[in-house]
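Read through the structure below, which is laid out as structure tokens, and then see the notes.
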Amino acid sequence: MSKTLRIAVQSKGRLNEDTMHLLAETGIRIGTSKRTLLVAASNFPVEVLFLRDDDIPGTVADGTADIGVVGLNELEEQGADAEIVEKLGFGACRLSIAVPKQMDYNGITSLEGRRIATSYPSILRRYLQEKGVQADIHVISGSVEISTGIGLADAIFDIVSSGSTLVSNNLKEEDVVLQSEAVLIAHRKLDPEKNAVLQELLFRIRAVMGAVGKKYVLMNAPRESLDAILSVLPGIKSPTVMPLAQEDWCSIHTVLDEKRYWEIIGRLKEAGAQGILVLPVESMVL
Ligand code: PRT
Ligand code: ZN
């Protein structure tokens, strides 16, 4: 019996859905009935501890949870001692300095002696120190973007994703200080049995992430078109080619990047491919 790995997940908020979706894609079944604080998986030795994202870095650092999923911004802000084992590719955002549109901004030195509102004082303090700028940091826990409008601050330092919140508050994004995304973090001293469970989980997560944006493509073609078709295909290694019952025809299978899909499909048809079938890829182990 392996030991149960406890994973801290945001109970509600922006990271919850993507994290639970990722776990589901790795084949781990977690009951979604009444959301209790701690839920065990039925077919894999993990249990999910639902917490506010603010509590995740500390919980993993002290070993109450073995691993966790949290924004890099939150981890950096708290300076919690946990190991980043994987970047997960969702929850992308950045921590940026933003100032009122009409302000004449010429770099961070423009904020010397000014007031900056933020929920991320540690990261901001570090940045200002690095740049040798003295400013007055106002810590507020929410609605940072309205601070300049109500005269609380001259600038803000906050999370930006699409940028529309800044625009609607008459602000412009200036220095990007941190690029963030959700990360999988682990307790520094996991015991070997738990670490073995983590490695199996990581193997599955990487397989799922490796398949993101990939399509499995099958097509039929006369053998004489094969060279032309193969020259169009950027397969993982080389495409699979199989004979068909109909003489001088073959079936070609490969994996394509979704981004290049439309460009390549047209060229495959021109090269003589027929009956092109495109299927989703759920996981890919390289
Ligand atoms: O309740 P709990 O404490 O768990 O949640 P929370 O309210 O502290 O966090 P939550 O759920 O809002 O965000 C969790 C994590 O999602 C953050 O720590 C980031 O890592 C990540 N993330 C990704 C974001 C955004 N994108 C984002 N856009 N977090 C917040 N925002 C905010 C941003 O501050 C802005 O005010 O969303 C607003 C809209 O952004 P724009 O630029 O798209 O307009
Ligand atoms: Zn939070």
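General remarks:
- Count of the stretch 58-85 residues which are within 11 Å of ligand 2 (Cβ to nearest atom) and either within 22 Å of ILE205 (Cα to Cα) or of a type in the set (A, V, I, L, M) (or both): 4
- Residue check, LEU184 modelled with pLDDT of 95 or more, closer than 18 Å to ALA8 by Cα, hydrophobic (A, V, I, L, M, F, W, C) and surrounded by fewer than 18 Cβ atoms within 10 Å (Cβ to Cβ): no
- For the stretch 31-72, the candidate set comprises residues that are in contact with a Phe, Trp or Tyr (Cβ under 9 Å, 6 or more places away or on another chain) and outside any loop (DSSP other than H, G, I, E, B); within that set, the residue that is surrounded by the fewest Cβ atoms within 10 Å (Cβ to Cβ) is LEU38.
- Unique match (being modelled with pLDDT under 95 and not assigned by TED's automatic domain parsing to the domain that holds ILE156) among GLU25, GLU86, GLU77: GLU25
- One residue from GLU224, GLU200, GLU145 being over 30 Å from THR109 (Cβ atoms), in a helix (DSSP H, G or I) and not assigned by TED's automatic domain parsing to the domain that holds CYS250: GLU200
- Considering LEU166, LEU152, LEU171, the condition of being of a type in the set (A, V, I, L, M, F, W, C) and open to solvent by 50 Å² or more (accessible area, probe 1.4 Å) is satisfied by LEU152 alone.
- Take the conditions (1) crowded, with 18+ Cβ neighbours inside 10 Å; (2) modelled with pLDDT of 90 or more; ALA228 misses just one of them, which is (1).
The values are calculated or read from the model by the stated rules, or taken from the named source; none is laboratory data. Model, not experiment: these values are computed from the prediction. Using ideal geometry, Cβ is built from the backbone for each residue, glycine included, and neighbour counts are taken over all protein chains shown. For accessibility, only protein heavy atoms count, side chains too; no ligands or nucleic acids. Shrake-Rupley method; radii C 1.70, N 1.55, O 1.52, S 1.80 Å.
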